[in-house]
Amino acid sequence: MTDIFRVVAPSNIAFLKYWGKKDPVLQWPANDSLSMSLNQLSTRTSAFVHDADDHIFQFQGEALPRDHASFSKVFKHLDSLAGSFGFPEKLSLSSSNSFPTGAGIASSASGLAALTIAAIACWTGSSTFFELEAKGFSREHLAHLARLGSGSAGRSLFGGYVQWQAGSHADKQKILPLYAAAHWTLHDTVVLFSHSEKSKSSTAAHGDAWSSLLFRPRIAGAPERMNAILKALDERKMAELGPLLETEALEMHAVMLTTRPPQYYLTDESVEFLAAFRRARQEVCFEAYFTIDAGPNIHIIHEASASSALTSWLQEHYPTLQLLHDRVGEGPWLERGLN
Ligand code: DP6
């Protein structure tokens with residue numbers, strides 16, 4: 001029997017997006033970002049020490065090689081963590097997502113967050129976040145380690161509403177839980193337009209952001225938008241938050257569309273959906289607003305009071321589209337068991 005460390009880490013949906021990096025090696029973002037950690041959409045990862053020459057990583061039951069195109073980040077991150085802290089043991093890890101991978105739901109966020117927690121808990125023999133902290137791995141420290149694996153993963157170390165501050169220097173970055181989930185129960189209804197891998201990974205596309213003429217003005221305007229989002233969040237005002245979410249998502253996509261080479265994450269179907277959705281908001285009168293990550297899927301953010309009118313409209317007009325219903329969540333959990 002060996003000890004096994006099991007982690008569930010949430011995906012998160014950004015209200016103000018992390019797009020573009022000042023330094024890709026140090027994972028220093030071009031602007032501050034803010035996200036809501038989700039409840040159901042998550043990655044479940046378990047880890048135990050095994051006596052072998054290399055780590056084993058299984059995803060949805062399949063053992064993946066080190067050079068697997070979509071998962072090279074995993075081994076790179078494990079090597080980097082082991083090297084930084086001198087952990088000699090090889091790990092056997094097994095991971096699965098509660099949602100389709102690579103389709104614009106932030107799988108690298110929940111995936112790299114779960115991987116970081118599971119690996120460090122396993123190497124240090126820690127059963128709880130309390131124990132991790134006592135061994136020098138506070139939640140914020142873990143968030144920064146996860147960020148090195150994938151930027152948005154840092155925000156998945158906390159529940160509720162989380163801000164990642166770029167700071168004046170790469171080592172002055174902060175990842176802070178601003179409000180607990182109980183502050184405001186926002187829902188995220190995800191409309192799935194694609195189950196497949198995205199055309200270009202976000203890591204590769206971040207680098208192109210600087211080639212868009214819209215990128216520098218976007219960064220310059222980000223602090224003002226952050227303040228407006230913080231105010232709407234603080235006051236729990238959907239009518240103020242909603243339009244900010246939509247402008248922010250469209251602005252990030254405007255940057256993507258104007259880089260060299262341009263990057264089209266939205267499909268014709270998802271663009272048509274957005275137009276119909278905006279019309280329905282007026283006509284059917286539900287208070288719900290969209291945001292979009294680096295993919296074609298649409299996240300609809302709303303309060304519980306809008307759920308039934310929104311879902312009825314979606315089912316009537318888009319009966320074949322798959323919906324995922326989620327809401328703000330409490331953050332990752334960790335447990336130790338026997339294998
Ligand atoms: C569009 O965190 O996937 O989801 O740091 O290169 O791994 P890397 O990028 P990643 O970028 C996600 C960007 C986004 C917006 C966001 O989550 O803030």
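The values are calculated or read from the model by the stated rules, or taken from the named source; none is laboratory data. Keep in mind the model is a prediction, meaning the values are calculated, not measured. Neighbour counts are summed over all protein chains in view; Cβ atoms, including those assigned to glycine, are modelled from backbone coordinates with ideal geometry. Note: areas computed on protein heavy atoms with side chains; ligands, DNA, RNA excluded. Shrake-Rupley method; radii C 1.70, N 1.55, O 1.52, S 1.80 Å.
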Wholly inside the range 243-339, strands (runs of 3 or more DSSP E) that include 2 or more residues that are over 30 Å from Leu132 (Cα atoms) are 288-291, 298-302, 322-327
So Lys17, is it near the ligand (Cβ under 9 Å from one of its atoms) and assigned by TED's automatic domain parsing to the domain that holds Ser156: yes
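So is Arg216 open to solvent by 30 Å² or more (accessible area, probe 1.4 Å) and closer than 28 Å to Ala304 by Cα or not? Don't jump to the end; show me each part of the working.
Values: open to solvent by 30 Å² or more (accessible area, probe 1.4 Å): yes; closer than 28 Å to Ala304 by Cα: no.
It is false that Arg216 is open to solvent by 30 Å² or more (accessible area, probe 1.4 Å) and closer than 28 Å to Ala304 by Cα.
Would a scan of the range 147-167 turn up a residue that is among the aromatic types (Phe, Trp, Tyr) and under 24 Å from Asp3 (Cα atoms)?
Here is the first cut: in the range 147-167, the residues among the aromatic types (Phe, Trp, Tyr) are 158, 161, 164.
Next, from what is left, pick out any that are under 24 Å from Asp3 (Cα atoms): none.
Among the residues of the range 147-167, not one is among the aromatic types (Phe, Trp, Tyr) and under 24 Å from Asp3 (Cα atoms), which makes the answer no.
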Exception for His206 within (1) over 27 Å from Phe273 (Cβ atoms); (2) within 16 Å of the chain's Cα centre (by Cα) falls at (1)
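Yes or no: Ser108 at pLDDT below 95, in the same structural domain as Ser37 (by TED's automatic domain parsing), open to solvent by 10 Å² or more (accessible area, probe 1.4 Å) and away from the ligand (no atom under 13 Å from the Cβ)?
no
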Within the range 40-74, residues touching a helix residue (DSSP H, G or I) at 6+ places or on another chain (Cβ under 8 Å) and in contact (Cβ under 8 Å) with a residue 40 or more places away in the chain come out as Leu41, Ser42, Thr43, Arg44, Thr45, Ser46, Ala47, Phe48, Val49, Lys73, Val74
Exactly one of Ser72, Ser84 is over 30 Å from Leu214 (Cα atoms), among the hydroxyl-bearing types (Ser, Thr, Tyr) and within 13 Å of the ligand (Cβ to nearest atom), and that one is Ser72
Ala222 passes all but one of the listed conditions (1) free of Cβ contacts under 8 Å to residues at least 40 places away in the same chain; (2) of a type in the set (A, V, I, L, M); (3) farther than 28 Å from Ala69 by Cβ; the exception is number (1)
Taking the range 146-167 and the residues there that are open to solvent by 10 Å² or more (accessible area, probe 1.4 Å) and over 15 Å from the mean Cα position of the chain (by Cα), the one that is farthest from the ligand (Cβ to nearest atom) would be Gly167
When every residue in the range 270-301 that is over 26 Å from Ala109 (Cα atoms) and among the charged types (D, E, K, R) is compared, the one modelled with the lowest pLDDT is Glu283
Of the residues in the range 22-38, those that are surrounded by fewer than 21 Cβ atoms within 10 Å (Cβ to Cβ) and in a strand (DSSP E or B) number 3
